[in-house]
Amino acid sequence: MEPIKILVADDNRLLLAITKDALEAQGFQVIAVGSGLEVYKEVLAQRPHLILLDIMMPEIDGIEVCRNLKRSPVTQDIVIVIHSAKRDMALMDLAHAAGAEGFIIKSNQIEEMVTRIQEIVREKISPARA
């Protein structure tokens, strides 16, 4: 079976590289992009199973990207997890309303983020692939 493909979108290049390395170390295939516009291009080209999406990005913010992907029949089934440094309930509600299946607070504990992604993969993606 092919590995789970995760698209990670973050305009912070260092965090993007760290996240990519940590997820690849767990056996995921990772596509890394630095803007909202790149997300659209790579989603259509790569067909990821999950998108880890930063909220604050140039051009188009993560909430709008999520909303647009969930509106399209071609991309609506992709699991989207919003990734933000802001611990804000209103933002979490907004992400959920846009169609995101999860919300992860950014921290220096990359292991916690990887564990949460693994849980979401088990809950939302693995049963569908079985």
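Each reported figure results from applying straightforward, stated rules to the coordinates on display, with no laboratory input. Computed from a predicted structure; not experimentally measured. Cβ placement follows ideal geometry from the backbone for every residue including glycine, while neighbour counts extend to all protein chains displayed.
Yes or no, residue by residue, for (1) among the small types (Gly, Ala, Ser); (2) surrounded by 14 or more Cβ atoms within 10 Å (Cβ to Cβ); (3) touching a residue at least 24 places away in the same chain (Cβ under 8 Å); (4) touching a Leu at 6+ places or on another chain (Cβ under 9 Å):
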| position | (1), (2), (3), (4) |
| --- | --- |
| Ala45 | yes, no, no, no |
| Leu52 | no, yes, yes, yes |
| Glu59 | no, no, yes, yes |
| Gly62 | yes, yes, yes, yes |
| Ser72 | yes, no, no, no |
| Val79 | no, yes, yes, yes |
| Arg87 | no, no, no, no |
| Ala100 | yes, yes, yes, yes |
| Ile104 | no, yes, yes, yes |
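Report yes if Ala45 is within 16 Å of Lys5 (Cβ to Cβ) and in a helix (DSSP H, G or I), otherwise no. So Ala45 fits the description; yes. Summed over the stretch 1-24, residues that are touching a helix residue (DSSP H, G or I) at 6+ places or on another chain (Cβ under 8 Å) and surrounded by fewer than 15 Cβ atoms within 10 Å (Cβ to Cβ) total 1. Residues that are more than 12 Å from the chain's Cα centre (by Cα) and among the acidic types (Asp, Glu) were ranked within the stretch 23-67; the one that is nearest to Gln109 (Cα to Cα) is Glu24.
Within the stretch 4-16, identify whether any single residue is assigned to a loop (DSSP other than H, G, I, E, B) and touching a Phe, Trp or Tyr at 6+ places or on another chain (Cβ under 8 Å), and answer yes or no. Yes: one or more hits.
Number of residues in the stretch 106-125 that are free of Cβ contacts under 8 Å to residues at least 12 places away in the same chain, part of a helix (DSSP H, G or I) and of a type in the set (S, T, N, Q) equals 1. Among the residues of the stretch 25-42, just one is out of contact with any strand residue (DSSP E or B) (no Cβ under 6 Å at 6 or more places or on another chain) and crowded, with 22+ Cβ neighbours inside 10 Å, namely Gly36. Checked against (1) in contact with a Phe, Trp or Tyr (Cβ under 7 Å, 6 or more places away or on another chain); (2) closer than 22 Å to Ala95 by Cβ, Leu37 meets all criteria but (1).
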